[in-house]
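The structure under discussion appears below in the form of structure tokens.
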């Protein structure tokens, strides 16, 4: 039995494993929380809340734009977007995400988004897009954005 | 010892684990092979070779296009693209991928692509794009595309 015990310990120690992995239900709940927080932060146009949902080394890839790498660059980008639409107010923002797949501390999903923004001068922006997201379970047990690509969707 | 043995078996069985996980070096080599194969298949405009690089439940998300879900839909889409540019020849295609991250049987990377296509009637298409890819290590030990989003890059 000792030999079997040692063999089992060796098997446990050497078997590949992902650290800090959650149960499927816990992962799903954590990702649902992430999606809700992303929707809320975007709706409120709250850059600080949005940035808190990013990993420090996160990457955002937008059309016709060099990849935005790291939280410092993401902060600068969001600040510039807000400065460019000063006075704007998000009238509505809806996010629905699909096909969540979790592998250890990594997850992926894709989302539809629809935003209606009241711009200065009575203009209105009504746009739809899609995102492919790669999320990561941080050491503090919170799922955050690791990679995002966005492209335009048809109305 | 029997109790310890049973406890160890229970520990092994219940401990979260990723199946068929590779060493970091093996994963990197497998993903490099995938990237090379994707570049080659695209350059040769070889739909069958491209489709062999997709998982059966793969999803491609392109601008202004409903998500293309599953190999049957991907096949139809690629066939239609080829029919739409009959007589075209890929003059050059370059793919360079960055920031590969592997978590068990899942990986992500983003890539720049540059294609020059000789179209019918002496027209030429010179386009650049970026892709965010989610790859999956299949049961046969080959990395394949699980999710892809593409958007246009500036020249």
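The values are calculated or read from the model by the stated rules, or taken from the named source; none is laboratory data. This one's a predicted model, so the numbers in the text were calculated from it and none came from an experiment. Because the Cβ atoms are built from the backbone with ideal geometry, glycine has one as well, and the counts that use them run over all protein chains shown.
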List the number of the failed condition for residue A:41; all other conditions in (1) in contact (Cβ under 8 Å) with a residue 40 or more places away in the chain; (2) not in a strand (DSSP E or B) hold.
(1)
Out of all the residues in segment A:59-110, which are touching a strand residue (DSSP E or B) at 6+ places or on another chain (Cβ under 8 Å), under 19 Å from residue A:126 (Cβ atoms) and more than 10 Å from chain B (Cβ to nearest Cβ)?
A:85, A:88, A:89, A:90, A:91, A:92, A:93, A:94, A:95, A:96
Within segment A:89-128, which residues are crowded, with 17+ Cβ neighbours inside 10 Å and more than 27 Å from residue B:104 (Cα to Cα)?
A:93, A:95, A:113, A:115, A:117
Right, residue B:38: modelled with pLDDT of 95 or more, under 22 Å from residue A:61 (Cα atoms) and more than 14 Å from chain A (Cβ to nearest Cβ) or not?
yes
Can you confirm whether segment B:47-57 contains a residue that is within 15 Å of the chain's Cα centre (by Cα), more than 21 Å from residue A:65 (Cβ to Cβ) and exposed (fewer than 13 other Cβ atoms within 10 Å of the Cβ)?
yes
Please list, ordered by residue number, the strands (runs of 3 or more DSSP E) wholly in segment A:61-155 having 1 or more residues that are free of Cβ contacts under 8 Å to residues at least 40 places away in the same chain.
A:89-103, A:106-118, A:124-137
